[in-house]
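A.B. asks: Pasting a structure here, questions to come.
Values quoted throughout were computed directly from the atomic coordinates according to the rules given, and no laboratory measurement underlies them. Since we're looking at a predicted model, the values are computed, not measured. Note that each Cβ is placed from the backbone with ideal geometry, even for glycine, and that neighbours are counted across all protein chains shown.
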Amino acid sequence: MPRTQKIFTSFTTGEISPRLTSRIDFAKYINGCETLENYTILPQGGVTRRPGLRFVEEVKDSSKAVRVETFQFSVTDAYVLEIGEKYIRFYKDQARLSSGGSPVEVTTPYLEADLFDLHFAQSADIMYIAHKDYAPRKLSRTSDTAWVFSTITFDPGPSFVDNTDLGEQVTIAAITGTGITVTPDSTEALFLAADVGRNLVSGAGRGTIISINTGASPDTVDMDIIADFPGTTLLVNEWELTDSPQAQLTASAALPVGNNTTLTLNANGWRSADVGKFVKVNNGLLKITAFTSVTVVRAEIITLLDSTTAAAAGTWTLEVESWTATRGFPAAIGFFEQRLLYARTDTQPQTIWGSVTDDFENFAAGTADDDALDFTLTGQNPIRWLSPKSTLSVGTFGGEIIISSTNDA
């Protein structure tokens, strides 16, 4: 029987799975290969041998792993980054960049074990770098031999309402019921009047504070228990208060940005530990700079307030920085629709933060369309990566989801 030969004109399918070798009915079968190694598939259908590699220089320490990344400023200015343990070196036009006879190099904090958990996003001559164990950094270029690696100072960074740990042991009269008294072990005043209405939580236990008894020594509070507590003794760091102080807040000034203003509560609610925290009120953002009393603090205006109208309890929030050494730093990064995006910390593993439009180091949230934003994925696994295209692809430990903007007013 004569042997026939068939001409294949396209290999655009690439290699096909061994499980498809008998699927001659599969439309892409005819353009597939069992093995296609060291070739590049051309869009026209043919293939060409892949380019070879060129040895340029030995890395700084060949005994350790090194990561290679690209840094492209423009069509004519592109670089290769040699990222090793605690350093970055630079290459251009098939040569390592040097200055004064020494390789151009910047120092970084990243250890060898950290290198392949780094995530990058670049805009013009600045590359932003994220790693879950390090504060966000950036690599800036001003010339072939002038590079700066620095920690980003956000103005401001994102914030959120976190639980308040008062750092004291307390005893509750019962693990279930209503009107249950909570007594601090310390003789110092622990609870404040503005804590009435907040929840006290410990593990699965939860109760709403309904009153404060200021005549006792120390002051005690009563709460209605919503979910039973595990025991009657709540040790230090085993319980917290949720939400913000439940009191009316009045700011003495609404502008200008950078100005100091006084924030006054109509009930005892401020604590000295509130210095450095943020207050969102009347669509503005302030940072507490000084503690005056349990009813008065001083704060810097970060973004303008709509007015100095008194804000009722529940209409303003006391917030903490989202990214710290204790709460974790963002692990993923990307650009999308002129915003710098970060995602996932240890404390907020399903949250994505977006900067102010075209102001990548400003995460001041607000109500304007171009203000910073943040949102948390519901019912998703922790975020692993961000891939911005026409839509934002978000990879989680359980799968991928697509996020897109809307034109609705």
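A.B. asks: Per residue, how big is the convex hull of segment 249-321 when only Cα atoms are used? Give it in Å³.
C.D. replies: 73 Å³
A.B. asks: Provide the descending list of Cα extents for the chain along its principal axes, expressed in whole angstroms.
C.D. replies: 104, 62, 51
A.B. asks: Using 7 Å Cα-to-Cβ label points, what is the Asp125/Leu304 separation (nm, one decimal)?
C.D. replies: 3.3 nm
A.B. asks: Sort 68-75, 348-355, 205-212, 291-298 for me by packing, meaning the mean count of neighbouring Cβ atoms within 10 Å per residue, highest on top.
C.D. replies: Top of the packing list down: 348-355, 205-212, 291-298, 68-75.
A.B. asks: Given the options Pro51, Pro103, Pro382, state which has the largest fluctuation in a GNM of the chain using a 10 Å cut-off (strictly under) for Cα springs.
C.D. replies: In this elastic network of the chain, the residue with the biggest mean-square fluctuation among Pro51, Pro103, Pro382 is Pro51.
A.B. asks: Further question on the same structure: Can you work out the Karplus-derived ³J(HN,Hα) for every residue in segment 377-390? Use 6.51 cos²θ - 1.76 cosθ + 1.60 with θ = phi - 60°, whole Hz, and x for glycine or proline.
C.D. replies: 5, 9, x, 10, 6, x, 6, 10, 7, 10, 9, x, 10, 5
A.B. asks: On a straight-distance basis, which lysines could pair with Lys6 in a cross-link, Cα separation under 28 angstrom, same-chain partners fewer than 8 positions away excluded?
C.D. replies: Lys28
A.B. asks: Cα to Cα, under 15 Å, and not fewer than 8 places away if on the same chain: which aspartates and glutamates meet these conditions relative to Lys287?
C.D. replies: Result set, ordered by chain and number: Asp155, Asp274, Glu300, Glu319, Glu321.
A.B. asks: Next question. Mind checking which of Ala121, Ser150, Tyr134 is farthest towards the positive end of segment 67-151's charge dipole, using Cβ charges of +1 (Lys, Arg) and -1 (Asp, Glu) about the Cα centre?
C.D. replies: Ser150
A.B. asks: Further question: Counting only residues 5 or more places away or on other chains, whose amide H sits under 5 Å from the amide H of Thr396 once H atoms are built in the peptide plane?
C.D. replies: Under 5 Å from the amide H of Thr396 lie the amide H atoms of Arg384, Ile401, each far enough along the sequence or on another chain.
A.B. asks: Across segment 192-206, in residue order, what do the Karplus-derived ³J(HN,Hα) couplings come to in whole Hz, using 6.51 cos²θ - 1.76 cosθ + 1.60 with θ = phi - 60° and x for Gly and Pro?
C.D. replies: 10, 4, 6, 7, 5, x, 7, 9, 9, 10, 8, x, 7, x, 8
A.B. asks: What are the semi-axes of the equivalent ellipsoid of segment 165-218, taken as the square roots of 5 times the eigenvalues of the Cα gyration tensor, listed largest first and rounded to whole Å?
C.D. replies: Ellipsoid half-lengths, sorted descending, are 17, 13, 12 Å.
A.B. asks: What whole-number volume per residue, in cubic angstrom, does the convex hull of the C-alpha atoms of segment 1-81 give?
C.D. replies: Per residue, the Cα convex hull of segment 1-81 comes to 216 Å³.
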